[in-house]
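Peer 1: Encoded as structure tokens, here's the structure I'll be asking about.
Rule-based calculations on the coordinates, nothing more; no lab input. Please read these numbers as outputs of a predicted model, since none were measured by experiment. Cβ sites come from the backbone with ideal geometry, for glycine too, and all protein chains shown count toward neighbours.
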Amino acid sequence: MKTGEVKLGQNSVEKIIADNKAELVIIAKNAPAKVREMIAAKENLSLYEFNGSSRQLGKECGRDHMISVLAVVNAGESDILSLKSA
């Protein structure tokens, strides 16, 4: 993303969710149970399950490491929020 704000990783995403700042949470298909439980405990959360592994999600984000979960705080000029209806 060139504009907007995204937080990567369980700890950052957990804080963003607690602060009700997440517009969308994206979770990898193989995310750990602890991450899934944290997300499941939250109501009214827009969630998209990425159809791939955390390694693949990391690659899609331009990183060379695994990303099991990310939160979109501000979409900027991106159309990523269209995933809400997917």
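Peer 1: Can you pull out every residue in segment 11-38 that is under 17 Å from residue 73 (Cα atoms) and touching a strand residue (DSSP E or B) at 6+ places or on another chain (Cβ under 6 Å)?
Peer 2: Hits for segment 11-38 are 13, 16, 21, 22, 23, 24, 25, 26, 27.
Peer 1: Further question: Which count do you get for residues in segment 7-29 that are over 11 Å from residue 70 (Cβ atoms) and surrounded by 15 or more Cβ atoms within 10 Å (Cβ to Cβ)?
Peer 2: Initial filter on segment 7-29 (over 11 Å from residue 70 (Cβ atoms)): 11, 14-15, 17-21, 23, 29.
Those left that are additionally surrounded by 15 or more Cβ atoms within 10 Å (Cβ to Cβ): 14, 17, 23.
Residues flagged as over 11 Å from residue 70 (Cβ atoms) and surrounded by 15 or more Cβ atoms within 10 Å (Cβ to Cβ) within segment 7-29 amount to 3.
Peer 1: If you don't mind, there's one more thing I want to ask. Please go through segment 13-66 and pick out each residue that is among the charged types (D, E, K, R) and in contact (Cβ under 8 Å) with a residue 40 or more places away in the chain.
Peer 2: Once the filter is applied, which keeps residues that are among the charged types (D, E, K, R) and in contact (Cβ under 8 Å) with a residue 40 or more places away in the chain, segment 13-66 yields 21, 23, 63.
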